[in-house]
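Trainee: The structure is given below, and queries will be raised subsequently.
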């Protein structure tokens, strides 16, 4: 009986060991799969980020060259492709109505900007939105007694300026086949005096702070995107 009991107990122990070995193998296998997918996804993310940055820099270079060729006064960030336009080139002080020379400025700028971006499929496929941002200085307006009132007033002004620029750009003479893509990507923002530009002494540069910026927002790349689980 003792021998039979020992054999029976040994059978139970073996069965328990097989169960735990199987579970351990399963967990190890899942961990290996997860780590592999994570490494692959992160590698793909980094490669895609580098590719996006490279394309944006190339297009920024093209846009800058075309603007200089056409004597258009707009600053281009060579790293991001973001474009900065002095407010004085577009609007009178405290106005969101485009000046005649402002309309002419955008009429020259828009075809260059839109055609350059959308003729480069690698770049246009990676863009989530084209953001037109209005910015003001922090100069006080008469009749507004506190900083919050000043901020809200300038928020409204900066948003209306951005919207005026967007409306004019959508009327631009770029290639008709790019119209739908451009329209779907374009958005407007008012930043009031949130993003002031400072001079070398750390003081607000009011002239440079009054500006309109056109920015490219690139799509986020996640593990799910890399693995094809979402677009």
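The values are calculated or read from the model by the stated rules, or taken from the named source; none is laboratory data. All of these numbers come straight from a predicted model, not from anything done at the bench. Cβ placement follows ideal geometry from the backbone for every residue including glycine, while neighbour counts extend to all protein chains displayed.
Trainee: What are the residues in the stretch 76-108 that are crowded, with 21+ Cβ neighbours inside 10 Å and not in a helix (DSSP H, G or I), if any?
Mentor: 76, 81, 83, 85, 90, 91
Trainee: To continue, here is another question. Does any residue of the stretch 203-221 turn out to be in a loop (DSSP other than H, G, I, E, B), touching a helix residue (DSSP H, G or I) at 6+ places or on another chain (Cβ under 6 Å) and at positive phi?
Mentor: Scanning the stretch 203-221 turns up no residue that is in a loop (DSSP other than H, G, I, E, B), touching a helix residue (DSSP H, G or I) at 6+ places or on another chain (Cβ under 6 Å) and at positive phi.
Trainee: Which condition number in (1) touching a helix residue (DSSP H, G or I) at 6+ places or on another chain (Cβ under 7 Å); (2) over 24 Å from residue 177 (Cβ atoms); (3) surrounded by 20 or more Cβ atoms within 10 Å (Cβ to Cβ); (4) modelled with pLDDT of 90 or more is the one that residue 114 fails?
Mentor: (2)
Trainee: Going through the stretch 162-178 one residue at a time, which ones are assigned to a helix (DSSP H, G or I) and either over 13 Å from residue 130 (Cβ atoms) or touching a strand residue (DSSP E or B) at 6+ places or on another chain (Cβ under 9 Å) (or both)?
Mentor: 162, 163, 164, 165, 166, 167, 168, 169, 170, 176, 177
Trainee: Follow-up. Can you pull out the residues in the stretch 120-136 that are modelled with pLDDT of 90 or more and either within 23 Å of residue 57 (Cβ to Cβ) or surrounded by fewer than 19 Cβ atoms within 10 Å (Cβ to Cβ) (or both)?
Mentor: The answer is 129, 130, 131, 132, 133.
Trainee: Okay, next question. Looking at (1) in a loop (DSSP other than H, G, I, E, B); (2) without any contact (Cβ under 8 Å) to a residue 60 or more places away in the chain; (3) closer than 21 Å to residue 89 by Cβ, can you tell me which one residue 200 breaks?
Mentor: The number of the failed condition is (3).
Trainee: Give the residues of the stretch 179-197 that are assigned to a helix (DSSP H, G or I), in contact with a helix residue (DSSP H, G or I) (Cβ under 8 Å, 6 or more places away or on another chain) and in contact (Cβ under 8 Å) with a residue 40 or more places away in the chain, sorted by residue number.
Mentor: 181, 182
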